[in-house]
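All remarks here apply to the structure that follows.
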Ligand SMILES: [Zn+2]
C-alpha cells in the first residue's frame, strides 16, 4: 500500500486507486478549514476506499454538535450572505462594515447547508461539498432569499448615517422629493446641446487665470493653480463616453490630483472650476463623512459662476445654454436614480421595512411620470408585461444596490450631495442677482470647509426658508406657482 500526504492528511491507497487521488485532493482543499484543519494534527491516516464514508461521518458529526447548532441559529441567512460578499475574492473596499474572522470557506459551507436544508437533504449537501456542482444555483437562491432583508439593513444604515451627520436633509426629505420630481418633470429631454466653441489648452489656462481674478480669488488659489500646472497634477484626458468622469483625487503617494474629462471646448473650463474647488477643500483639510451633504456645494457654485464668467467674456447665450443643459443632463441622471431611494427611505421611516410590493407600487405610480421612460412605456402595452418588467427591474436594482454597498461601500444615498448642492446654488444665484455678494462667502466656505455644515451654510446665507416645511417652504410655494401639481408624495 502507498501513502500520500495531502495538506497534512495521510491517504493510504493501492496502486490501482491512484487515479482517484486528484478527486480526494480537491475535496480536502475545498473543505480544509471546515473539516480537515483540525484533523491534520491527529496524524490521521485514511484508507482511500473509506474516504467517502469518513467525510460523510465527519460532516454529520460537526453539524450535530451543539456549538454548531448555536452558530446556525445565530448566523441568519442575510448575515451569512453579507459575509460571503465581503469575503469574496478577498474584497476589502467597504469602509463601513468589517467582515468577521470566520473563514470564507466556512461561510460558504454554512450557506450551502441552509440551502439543502430548505431545498434538499443532508446527503445532497455532502455531495455538494465534494463536487461543488450547484454553486451558481445556491448563490442565486441566497441572494433572492435575503434581498429585501439586506436592502432594509442598508436603508437603515444610510438613515442612521444621515441622522448623525445630516438630519436637516433627513427631516426635509418630502420637500426634497417634490423638488427633484419638479426638476425632472420640467426638463426637456429632447433639448439638444449644440456644438460648443473649441478651446485650446493654452487658452483654457489663460481664461482660468482670468476667472480666478474675476471671482477675486485669494492669492493662495493662484499659487495652488500654478503649482498644479508646474507639477503636472492636472491630467487632461479626452472624454470617451457620454458620462463626465472628471475627478479630484488623492493618489497613492498622497498627492492631490485632478483629472479633467476633456472635450476640447469651453465646457472643460466648467469642469476645471468644479474640480478646482474640490482641490482647494482637499488641500486644506481632510474631509470627513459629516461633510458629505455639502461636499459638492462649492464645486457646483464655482462651476456656475464660470458659466456667468464665460457669458461676460462674450460667449453667446446659446453656448451658455448648451453648457447648462449638459450639466442638467448629468444631474438628471443622478436624480432619476435617487428618487426611488429617497422614496424608500421616506417609506422606511414612516412605515418600517420595505417590501417588494412597496418598491413595485412606487414604480407603477411613477413610471409614467418620467419623460425618459414614457417612450419605453408605449412599447409595453400589455399591463402584465409592464408589471413583469417592473418586477424584474425592482429586483435587479435592489441586487445592484446591495452589491455596491457590501462590495464597494457605496451608500445608496450617494449622489444626494449633487442634488443638495444644486438646490443651494440655485438659491444663491438668485441672491447674487439681487446684488448680494455671495462669492466672497463661498470662497470662505471653500477655504474653511471643515468649519461648515449644512446648518451653518443655511444660516450664512439666510436660507432658512429653504427648509421651512410649515407649508410655506420655497419649494412648495414654487410648485404651486408653476402649477405642477401632479407630483405629490403620498
Ligand atoms: Zn464634484
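Read-outs throughout are calculated quantities, based only on the coordinates presented, and are distinct from any laboratory measurement. All figures in this text were calculated on a predicted structure; none of them were measured in a lab. Using ideal geometry, Cβ is built from the backbone for each residue, glycine included, and neighbour counts are taken over all protein chains shown.
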Over the chain, what is the percentage of antiparallel beta bridges among all DSSP beta bridges, to the nearest 5?
55
Directionally averaged projected area (convex hull, Cα atoms, the range 126-201), nm²
13.1
Which of 361, 74 has the fewest other C-beta atoms within 10 Å, and how do the rest follow up to the most?
74, 361
For Cα pairs less than 8 Å apart in space and 6+ apart in sequence, what is the mean separation divided by the residue count of the chain, i.e. the relative contact order in percent?
18
Which FRET efficiency, nearest 0.05, do residue 93 and residue 313 yield, Cβ-Cβ r, R0 41 Å?
0.45
Taking only the alpha-carbon atoms of the range 401-442, what semi-axes of the equivalent ellipsoid follow from 5 times the gyration tensor eigenvalues under a square root, in whole Å, largest first?
35, 9, 4
Between the alpha carbon centres of the range 106-144 and the range 429-462 the gap in Å comes to 57
Which log10 I(q)/I(0) values, to two decimals, does the range 2-146 give at q = 0.11, 0.12, 0.17, 0.22 Å⁻¹ under the Debye formula with one point per Cα?
-0.47, -0.55, -1.02, -1.44
Crossing angle, helix 416-433 versus the chain [Cα axis fit, 0-90 degrees, rounded to tens]:
10
Per 10 Å bin, what is the whole-percent P(r) computed from every C-alpha pair distance within the range 67-115?
25, 58, 16, 1
Between residue 185 and residue 1, what length in nm is gained on full extension when 0.36 nm per residue of separation is reduced by their alpha carbon distance?
58.3 nm
Whole-number D in µm²/s for the range 3-49 (Stokes-Einstein; Kirkwood sum over Cα pairs; 10 °C, 1.306 mPa s)
148
DSSP beta bridge pairing in the range 2-146, given as percent antiparallel to the nearest 5
60
Take the Cα atoms of the range 237-330, build their convex hull, and give its volume per residue in Å³.
112
What do you get for the angle between helix 297-312 and the principal long axis of the chain? Use alpha-carbon atoms, 0 to 90 degrees, nearest ten.
40
Treating the Cα atoms of the chain as identical point scatterers in vacuum, please give the log10 of the normalised Debye intensity I(q)/I(0) at q = 0.12 Å⁻¹, two decimals.
-1.12
